[in-house]
1. Of everything in the range 268-315, what is at positive phi and more than 15 Å from the chain's Cα centre (by Cα)? Give them in sequence order.
2. Can you tell me which residue within the range 448-480, out of those that are touching a residue at least 60 places away in the same chain (Cβ under 8 Å) and touching a strand residue (DSSP E or B) at 6+ places or on another chain (Cβ under 6 Å), is nearest to residue 494 (Cα to Cα)?
3. For the range 390-401, name all the residues that are surrounded by fewer than 13 Cβ atoms within 10 Å (Cβ to Cβ) and either in contact with a strand residue (DSSP E or B) (Cβ under 7 Å, 6 or more places away or on another chain) or within 7 Å of residue 351 (Cα to Cα) (or both).
4. Can you tell me which residue in the range 533-549 is surrounded by the most Cβ atoms within 10 Å (Cβ to Cβ), limited to those that are at pLDDT 95 or above and in a loop (DSSP other than H, G, I, E, B)?
5. Give all pairs with beta carbons closer than 7 Å in which a residue from the range 552-573 that is in a helix (DSSP H, G or I) meets a residue that is modelled with pLDDT of 95 or more; count only pairs at least 6 apart in sequence or on separate chains.
6. Output the residues belonging to the range 200-226 that are exposed (fewer than 15 other Cβ atoms within 10 Å of the Cβ), assigned to a loop (DSSP other than H, G, I, E, B), more than 26 Å from the chain's Cα centre (by Cα) and on the phi < 0 side of the Ramachandran plot.
7. Checking residue 600 against (1) within 25 Å of the chain's Cα centre (by Cα); (2) farther than 25 Å from residue 461 by Cβ; (3) at pLDDT 95 or above; (4) not in a loop (DSSP other than H, G, I, E, B): exactly one of these is not met. Which one?
8. Could you identify the single residue in 239, 271, 257 that is at pLDDT 95 or above and not in a helix (DSSP H, G or I)?
């Protein structure tokens, strides 16, 4: 095992000794109350299986057969989640065939950032993660289940499902993906059309046609954003069946994997001899493995918040320094858009998860002494699923890349590090994704151009105000201010400025997430401006220095001048009312900072710490 990764893992274990013990004690107490149907009164139990058929009622009364709870984020507005419509029936049939029962425990909300991007609804996006976690807990709260399956794909949904599942950490839990849509318009061409639209060179019809050719059918969007990062991380942590993350929907192999995952959930319960609860699977080593996979592939920066919140749900405390140090120890092995021109289907064709796992294991970059839903170790995850005369089987995966422009050998990586850095200075702490930048390092010293709403930038861009070297500051976008929306509408105009030869960068307490691209972006700045971070005192023309080599994020204004300045008051009321945003005022008020996961669920525990 790589010594640096071993050291980081041990540091996380030591740092989390008390919180992890409290978590394990909690889930062990919950386990001792089961099988949970056995503690229900006759009236409780009768309500729990009233709608079941005669055979299922008998099985549930016997207390000897597993009952699998299905928690789903299905809706047919999200292309990634539309395939889940048929999953409950597949799961119930598969579970019934092995003599157990499955019940649909509950649904959770699932919003699409692709639809809400640049719209008012985006202000709810990050907070929806905690709502999903709570909704998952409600679904599992009936004490009817011996295990669970979680159906979710996209941005905040999988982290929310993970957090909810970990609150019931005594239950074995299997995550079931639905897979990416087939490849459509190449991502490079889509980006070209978006930028041409920003310059006024093509109209809305051409833009809509390009977008429609890119996002064209059921399945996950094929670029390597948060949705596909979720799937990769969950498989790296051993919560998917091996090789199941990126099998296209609507195929016989996809259905076979769904049924096999459902059956696997019956094999891990406390009714048998192979009890494997999710709270034991998700330990420090599994979390580090997830981080290694994320960073080795240039995955979504959203996970600098999500994995912190997930870890906290399992009793672990991780921070951005852990991310940065793991990034330094792990080479960048993939080029998937926005870090390249390939999509997730190209990655799979080049060798996919099986080869990625094998290379990382062989290089000593993954902990192999872990527990997964398939047993001990990750060797099963170097295999690929196939159908042989209709029978699901796993075969050894490839031993070398079939396209080294997409998936590089570990000894000749695209970059020696994972492309995620922590910046720090008087402006606070921030993260920057460097894996997609044109050069390995970025150093910009330029005057600030300050905005307090992402929508203000369009007019400044069109007027030519930004035709210069500059660092664009977009503040009052943090968790407590307006819920920390993604700011992708900024990417095309800033990319145009970059192509015109100007040195530009973005500094914000908002998010850019999985599609962070070629424009240097210091994001998630904490403390956020709304809570008194120095961002609230930046003025137009102030010099700012951003340097990924030294890790500097510095406002170059003398201290006396800054002390004499009054903090800028936030004019954000229009972001807090309408589109349901007023209902989230209480949640915004208690959200932790970005480096603490921007989470509302552990406030009391964090205060005790």
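The values are calculated or read from the model by the stated rules, or taken from the named source; none is laboratory data. It should be emphasised that the depicted structure is a prediction, and the values quoted were computed from it without experimental measurement. Cβ coordinates were reconstructed from backbone atoms using ideal geometry, including for glycine residues, and neighbour counts include every protein chain displayed.
1. Keep residues of the range 268-315 that are at positive phi, which gives 298, 315.
Passing the criteria: only 315.
2. 471
3. Within the range 390-401, the first condition is being surrounded by fewer than 13 Cβ atoms within 10 Å (Cβ to Cβ), and the residues that meet it are 390-391, 393, 395-396, 399-400.
Passing the criteria: 393, 395, 396.
4. Among residues in the range 533-549 that are at pLDDT 95 or above and in a loop (DSSP other than H, G, I, E, B), the one surrounded by the most Cβ atoms within 10 Å (Cβ to Cβ) is 538.
5. 562/537
6. Here is the first cut: in the range 200-226, the ones exposed (fewer than 15 other Cβ atoms within 10 Å of the Cβ) are 200-201, 203-206, 208-209, 212-213, 217.
This time we only want the ones that are assigned to a loop (DSSP other than H, G, I, E, B), so: 200-201, 203, 217.
Adding the requirement that they be more than 26 Å from the chain's Cα centre (by Cα) leaves 200-201, 203.
Result: 201, 203.
7. Here residue 600 clears every test but (4).
8. Working: 271 fails: at pLDDT 95 or above; 257 fails: not in a helix (DSSP H, G or I).
Of the residues listed, the single one that is at pLDDT 95 or above and not in a helix (DSSP H, G or I) is 239.
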